[in-house]
């Protein structure tokens, strides 16, 4: 008799992969459906229903997405230390389902309506739920395979296709319903999607073959102050919802916390690097910090998609395609669609260049990403000025295309670079810094979006801001190209050693699988 209780299940595969992979695929697909469906409508909901000004709505949006980025750092820690990934994902999915359905309680609108407190509560549930679910479900994909299994990279490719499929469908379906039939329809669709994800995950538990369970089940069952420790953790999760409910209503507090915590984090990392690490490891940490700081500008501009760019598309773009005026929120799907289409192209490009010794270094890819995010805005500004009173819709397709190409130069390599450049005992710290930079970028995105919507502002103000940030990004990116060789030398690639074979990977082991979008598993 086999000592492995899951031996029979391991023999049952779909497309050569464990059936549990497709449980995770569909659960994450529906979660992304709900998240991006809600995100596509959020800025419009704030401005048109709750009657916030563009400035106020943009800052709320930035604080919300920033908190969504910070939360997985805490949720990942609790899962690794206590709950295990499976229970954390299930709990997160429950909170997310509550949050998305609460979004559908719209009331009569206006900031004086009592229902606005339900709206804040909905955002809080979604933020905390994201913290428990996002990073942990991705970890479970890897747990289905031995470390040396050659199916791991293709498995993540399949998984990330689910992410982008859900993101695209959510923006299209929830966006259309919300802007055509009413907010409750759009947010309700997002809630149904999240509920389906939860059902798939719970029913698919046997197919996960015991992966992602708590590291110490006995400890979870042990009472603490008369309450089972596991339930105490869940209670703390609900208490965190209350804390976030307060924070999301005080956006300046979120900004202050980001500033103070960020300064402390960078200072602490530099202190360890300078005083406690050998020269090569110190240099690599400095290179990692450079990439982390450089990513902030990219995300601050890239994330205009859900805020100011969404509003600009609604108000100043001729959205008629084949005689149909497309709801502005549906254009949020373009990023995910482009990733699916362009991911294989970039994978082939990096692999081909790598075989010829011509693949750009990671710092060069980051610089190209920053240049491209700036160019996207400059192309939109040029198209808007040439188009007259309304901007031709082709320029919305172009800005998303250029920004997605920039994302594919930065996002799939960022997490890999953090992992490869960091000593094992600092891995979690640097990964936390990477996500913290994303949170800072998202908060900054809200501030930039707010700058487009001042008193009496119109499309001219938006285009002025876009022109300024576009040229800024191009200039910064050009500077990053100049210093890229220096940063590459700080990486000491000639002495960097990996535990395994890097076949099929790029310069720093970046995933080259088609359609990989690492950031979307923790995004916004």
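The values are calculated or read from the model by the stated rules, or taken from the named source; none is laboratory data. None of the values given here were measured: they were computed from a predicted structure. Cβ placement follows ideal geometry from the backbone for every residue including glycine, while neighbour counts extend to all protein chains displayed.
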Completion exercise
Taking first residues from region 145-169 that are over 19 Å from residue 134 (Cα atoms) and second residues anywhere that are assigned to a helix (DSSP H, G or I), the pairs with Cβ under 6 Å that are 6 or more apart or on different chains are 145/152
Problem - Test for residue 394: is it closer than 24 Å to residue 164 by Cβ, in the same structural domain as residue 466 (by TED's automatic domain parsing), free of Cβ contacts under 8 Å to residues at least 24 places away in the same chain and touching a helix residue (DSSP H, G or I) at 6+ places or on another chain (Cβ under 8 Å) - result: yes
Fill in the blank from the handout: The number of residues in region 444-470 that are exposed (fewer than 15 other Cβ atoms within 10 Å of the Cβ) and either closer than 17 Å to residue 406 by Cβ or touching a helix residue (DSSP H, G or I) at 6+ places or on another chain (Cβ under 7 Å) (or both) is 1
Practice task
Being assigned by TED's automatic domain parsing to the domain that holds residue 91, surrounded by 14 or more Cβ atoms within 10 Å (Cβ to Cβ) and in a helix (DSSP H, G or I) narrows it down to one of 190, 235, 218, 239, so name that one.
Solution key: 190
Exercise for the section: Please name all residue pairs, on different chains or six or more residues apart, with Cβ atoms under 9 Å, provided the first residue is in region 124-137 and is under 17 Å from residue 85 (Cα atoms) and not assigned by TED's automatic domain parsing to the domain that holds residue 90 and the second residue is surrounded by fewer than 24 Cβ atoms within 10 Å (Cβ to Cβ) and at pLDDT 90 or above. Expected result: none
Fill in the blank from the handout: Residues of region 99-117 being in contact (Cβ under 8 Å) with a residue 24 or more places away in the chain and assigned to a helix (DSSP H, G or I), in sequence order, are 99, 100, 101, 116
Practice task
Pick out the one residue from 329, 295 that is more than 29 Å from residue 418 (Cα to Cα) and either part of a strand (DSSP E or B) or touching a residue at least 60 places away in the same chain (Cβ under 8 Å) (or both).
Solution key: 329
